[in-house]
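What follows draws every value from the coordinates through simple rules; no lab data is involved. What you see is a predicted model, and the numbers here were worked out from it, not measured in a lab. Cβ: placed from backbone, ideal geometry, glycine included. Neighbour counts: every protein chain shown.
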Amino acid sequence: MLRQLARLTRPIPAAGGDALAIAVYGDGGGAHIVAKESGFEGVACVDDAARLLDVLCDVWARTKQPWAERWARGVLEFVLWMQEPDGRWINFVYDWDGTRNLHGITSATGESFWHARALVGVSHAWLTFADERARDAVLAGLDHAVSKPAPSDVRALHILTARRLIADAGVTSLRPAMLGWVQELAACRDGDVLKNNDEETGPPHLWAHIQEGVLAWSSTLLDEPGLLDVAARSAEALVVPAVDARFAATSTSPYDVASCIYSLDRLSEATGEQRWAALASDARAWFDGRNAAAAPVYDRRRGRVADGIDEGRVSENSGAESNIVASEALLDDALDVARALEDPFARPPVDLPEPG
C-alpha cells in the first residue's frame, strides 16, 4: 500500500518546490497510467491527493517517521495550490508541468467529491501540522459546503470535516450545519436503506457509501441516538449481506469494501457490539482472499493493492485510490509497513523476497 503509493508519487514543481502529487493509475509493473474515464482527465488529481494526505497525517502522527511528514507536507502543497481564490477546488492536472484541467466534468470547481475530500484532508493537515494556510483553505471551502446543496454521498464527507473541527478544534459554530446534514442523510433512504442521492434507484452502490458509519459516528457527538438506529438498520439491509456474500458482485473495487469496513467500524465503536467488529474483520479478509476470486487483492510482498475483482479475476493494475482506501481500511498494517520502511523517496521501495 504505502510502497505502491510512494511509487506513484511525483514532484509537481509548478505547485511549489516541495510539492508532490500522486498518479491516478498504475499498472502491474509500476508504470503510471493517465485517467480517461470521462475523456482525457489528467495525470493526477486533488481527489486522490487529499485522501492520501488524510492517510499520511495518520501515519506521521502514529509513527513520527520524518519521511511521512515530508510526504504529507508535499501533498498538502499540491492540494492548496489547486484551490481557487473563491475557495473551491479544481481536481485534475493534465500533465506533470501542472497544467490544470479547468473545465472537465470530473475536474471543474463545484459541489463535488473532490471539494469535499479536499476539506477532509486539509482539515486533518491543519490539525496535524498547525498550518495556518490549511486552516484558511478549509474555512474558505466550508463556506460553499454550508451554503450549497449536495448529494448524500458527498454530504457525508462534509459531516466528517465538521465533526473533526467540532470535536478536535472546538469550531462549535459548525454544529447547526452538521445537525442539518445528518438529518439530510437520515432522510435520504428507500425503506431502511440509505441512498447515495435522491435520484438513485435500486440497491445503492457501495463505492464511497459511508453514510451508515457517518451517522453512527455522529450520533454520540450530537446526542442523537436515533441516528444510530437509522445507521444500524441500513447496514443490516445493505452492508451485512455484501460481507456475508464475500462481495460477490460482478465487479468489486477496494473502495466498495473499504466503505463497508468504515461503517462497520463506526457501528462497533458506537454500540460496543462485538458482532459489528466481527463483520468488519470478515470484510477486511476480502483483501487477503475472502472474495469472489479466492485470491489476495493485497499483494503484501510487492506492497500493492489491485484495482479490484471483475468477473472473478483480480485486476493487474494498482492505482492510487485502491492503495489509499486499503491503507485506511488496513491502517494497522500500513503503520507496521511505515515503521519498517526506509525513506521511500531516498531509496525506491522494492519487493520483499519470496517466502522460503
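List of remarks:
- Here SER251 clears all of (1) touching a strand residue (DSSP E or B) at 6+ places or on another chain (Cβ under 6 Å); (2) under 20 Å from ARG163 (Cβ atoms) except the condition numbered (2).
- Within segment 105-154, tally of residues that are within 26 Å of PRO204 (Cβ to Cβ) and small (Gly, Ala, Ser): 10
- Options GLU316, GLU328: the member that is under 25 Å from TRP207 (Cβ atoms), touching a Phe, Trp or Tyr at 6+ places or on another chain (Cβ under 8 Å) and acidic (Asp, Glu): GLU328
- All conditions in (1) in contact with a strand residue (DSSP E or B) (Cβ under 9 Å, 6 or more places away or on another chain); (2) within 22 Å of LYS195 (Cβ to Cβ) hold for ALA270, with the sole exception of (1).
- Residue tally, condition among the polar types (S, T, N, Q) and under 20 Å from GLU321 (Cα atoms), over segment 268-310: 1
- Verdict on ARG266 being surrounded by 19 or more Cβ atoms within 10 Å (Cβ to Cβ), among the basic types (Lys, Arg) and not in a loop (DSSP other than H, G, I, E, B): yes
- Some residue of segment 164-183 being closer than 17 Å to PRO85 by Cα, crowded, with 16+ Cβ neighbours inside 10 Å and of a type outside the set (Lys, Arg): no
- Of residues in segment 334-352 being among the aliphatic types (A, V, I, L, M) and part of a helix (DSSP H, G or I), the one nearest to the chain's Cα centre (by Cα): ALA334
- Filtered residues of segment 269-289 (kept if in contact with a Pro (Cβ under 6 Å, 6 or more places away or on another chain) and crowded, with 17+ Cβ neighbours inside 10 Å): none
- Scanning segment 184-205 for residues that are within 17 Å of ALA232 (Cβ to Cβ) and in contact with a Pro (Cβ under 6 Å, 6 or more places away or on another chain) yields one hit, LYS195.
- Segment 214-226: number of residues that are in contact with a helix residue (DSSP H, G or I) (Cβ under 9 Å, 6 or more places away or on another chain) and either within 21 Å of SER112 (Cβ to Cβ) or not in a helix (DSSP H, G or I) (or both): 2
- Checking SER251, SER234 one by one, the residue that is small (Gly, Ala, Ser) and surrounded by fewer than 22 Cβ atoms within 10 Å (Cβ to Cβ) is SER251 and no other.
- Selection count, segment 157-176, where residues are among the β-branched types (Val, Ile, Thr) and under 22 Å from the mean Cα position of the chain (by Cα): 3
- Qualifying positions in segment 93-119 - acidic (Asp, Glu) and within 13 Å of ALA145 (Cβ to Cβ): GLU111
- Residue within segment 315-326 that is more than 18 Å from ALA23 (Cα to Cα) and not hydrophobic (A, V, I, L, M, F, W, C) present: no
- From the list GLY110, GLY104, the lone residue that is in contact (Cβ under 8 Å) with a residue 24 or more places away in the chain and in a loop (DSSP other than H, G, I, E, B) is GLY104.
- Restricting segment 299-333 to residues that are surrounded by fewer than 23 Cβ atoms within 10 Å (Cβ to Cβ) and of a type in the set (A, V, I, L, M), the residue that is farthest from LEU2 (Cα to Cα): VAL314
- Condition broken by ILE210, with the remaining ones in (1) crowded, with 17+ Cβ neighbours inside 10 Å; (2) of a type in the set (A, V, I, L, M, F, W, C); (3) more than 24 Å from GLY319 (Cβ to Cβ) satisfied: (3)
- Test: ASP265 is free of Cβ contacts under 8 Å to residues at least 12 places away in the same chain, within 26 Å of LYS195 (Cα to Cα) and among the charged types (D, E, K, R): no
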